[in-house]
Amino acid sequence: MTLSRTTLTLAVFLGATLPVFAADGAFKEFRSWQVLCSQTLSCSMRQFLSDNALSGLELQRAGGPEAPVILVLSPSDSAIVEGDGDLQASITFDGAQSVTIPNSDIAADPDAATLSLSGDFIGSGLIDSLKDGTTATFTITRGTRTVEGDVTLAGAAASLLFIDEYQRRVGHVDAMSAKGDKAPNPAPPVSDIRRFADFPEAVRGRFTASGECADTEESMLGGNALAHKLGSEQTLYVTPCGMGGAYNFPYAAFLDSYGSVSTLAFPMMQDGAPSAATVAFNLDYDHEAKIFSAFFKGRGVGDCGTISQWKLIEGGVGPQLVLIEEAFRDCPSEFNENDAVDVENWPKTWPLD
């Protein structure tokens, strides 16, 4: 059994309380930039800043053909995000070339204390300036308030190229850095779910006060929920479902088949006998192999607990999950941080000998 090491690495990078779908994901650092890509082909390049009017800058791009580029700014002073009046932003590169973003292309999110800038950043030459420049100066104005911060561009060119490569755009017309004359690739079969509104109505009902995922906060979805189109009339939704504890976080899988939504059961072994649950913990999904992996931790260090793998197959009444393998290790009374944790040698509870 193989636990996704990528998922654990990304969770540490994000400082997140939730695992990230990353069976085929990637994380790289290029100088001052950190690049994160998911198996949905969505990518972002981030820079965290200190002693700056901006605490962070993030470039985001989804994996679909000709997907737009979005810049997300995190002003250190949140008042400009929460205030009233029209917003305007300008980006100056090395004190010369400047790009202006009007109020209509700026979205303020007071809850996240961010400003999202949109526009034709590839066609306007902004991406080329990011790639070729040394320093970008961001100026944000709202009424009488102005915020201005400098961002170093060291590593930006390598980050943009990495995203093009990961999103399979190299040599295509919709590449950011490595442009060519090939048409954009078809949209991938998986896509990110970032808002409850992205779910069909029948799935959204699962997140209401009376639903099985009632305690789920919308902020938990980004990077952790996805839709996998299995066929013209079937879509699989994998999502956080409820609040977790310190290190175990529940997920559910919903199948929308011809407009009817059902909850997929996760088969498991309980006291040596077959059982099933409607949620799995710390879940990862490899959409190409249709393999789910979960690790319910017995304690935070991850040296004990239950590791499970399921495969999505076509059953007699439609897609269903089949338990491939399950292993369980009880928590030792003493823990030595120097001991190696080899999950391959954990006692198997399935398949039975």
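Across the protein chains, with a 1.4 Å probe defining accessible surface, the residues Glu334, Glu58, Glu212 rank Glu334, Glu212, Glu58 from largest area downward.
The distance linking region 83-116 with region 271-342 is 44 Å (Cα centroid to Cα centroid, whole angstrom).
The fraction of accessible area contributed by carbon and sulfur in the chain is 49 percent, rounded to a whole number (1.4 Å probe; ligands and nucleic acids excluded). Looking at region 147-216, the pairs of alpha carbons with a distance over 19 Å make up 60% of the total.
Diffusion of the chain by Stokes-Einstein, at 20 °C in a medium of 1.002 mPa s and with Rh set to the Kirkwood radius over alpha-carbon pairs, works out to 96 µm²/s. Taking a ≥ b ≥ c as the square roots of the Cα gyration tensor eigenvalues, region 118-175 comes out prolate, since a/c reaches at least 1.5 and a/b is larger than b/c.
Annotation for Glu288 and Asn103: the two label points, set 7 Å from Cα along the Cα-Cβ direction, are 4.7 nm apart.
A simple rule links phi to the HN-Hα coupling: the Karplus curve 6.51 cos²θ - 1.76 cosθ + 1.60 with θ = phi - 60°, which for region 48-62 gives 9, 10, 10, 6, 9, 5, 10, 8, x, 9, 9, 9, 10, 8, 6 Hz, with x for Gly and Pro. A Förster radius of 56 Å combined with the Cβ-Cβ distance from Leu352 to Glu148 puts the calculated FRET efficiency at roughly 0.30. What the phi angles of region 123-134 give under the Karplus curve with 6.51, -1.76 and 1.60, with θ = phi - 60°, is a coupling list of x, 6, x, 4, 5, 4, 5, 4, 5, 9, x, 10 Hz, glycine and proline written as x.
With 25 Å as the limit on Cα-Cα distance, the pairs of Lys290/Lys348; Lys28/Lys131; Lys131/Lys229; Lys131/Lys182 that go past it are Lys131/Lys229. Against the longest principal axis of the chain, how steep is helix 5-14, in degrees 0 to 90 to the nearest 10, with axes from Cα atoms? Tilt relative to the chain: about 40 degrees. Against the main long axis of the alpha-carbon atoms of the chain, helix 156-166 sits at an angle near 40°. When the surface is traced with a 1.4 Å probe over the full set of protein chains, Thr100 keeps roughly 90 Å² accessible.
Accessible surface area normalised per residue over the chain is 48 Å², counting heavy atoms of protein chains with a 1.4 Å rolling probe. The calculated FRET efficiency for the pair Thr135 and Arg299, based on their C-beta separation and a Förster distance of 45 Å, comes to about 0.45.
Under a 5 Å amide H cut-off, with hydrogens placed 1.01 Å from N, Ser55 pairs with Ser74, Ser76 among residues at least 5 apart or on other chains. For the pair Val341 and Ala79 in one chain, pulling the backbone fully straight at 0.36 nm per residue adds 89.6 nm over the alpha carbon distance.
Residue-normalised convex hull volume from the C-alpha trace of region 260-353: 127 Å³ per residue. The amide H of Cys304, built 1.01 Å from its N in the peptide plane, has Gly298, Arg299 as neighbours under 5 Å, considering only residues 5 or more places off or on other chains.
The values are calculated or read from the model by the stated rules, or taken from the named source; none is laboratory data. Since we're looking at a predicted model, the values are computed, not measured. Glycine also receives a Cβ, built like all others from the backbone with ideal geometry; neighbour counts cover every protein chain displayed. SASA here: full protein model, heavy atoms, side chains in, ligands and nucleic acids out. Shrake-Rupley method; radii C 1.70, N 1.55, O 1.52, S 1.80 Å.
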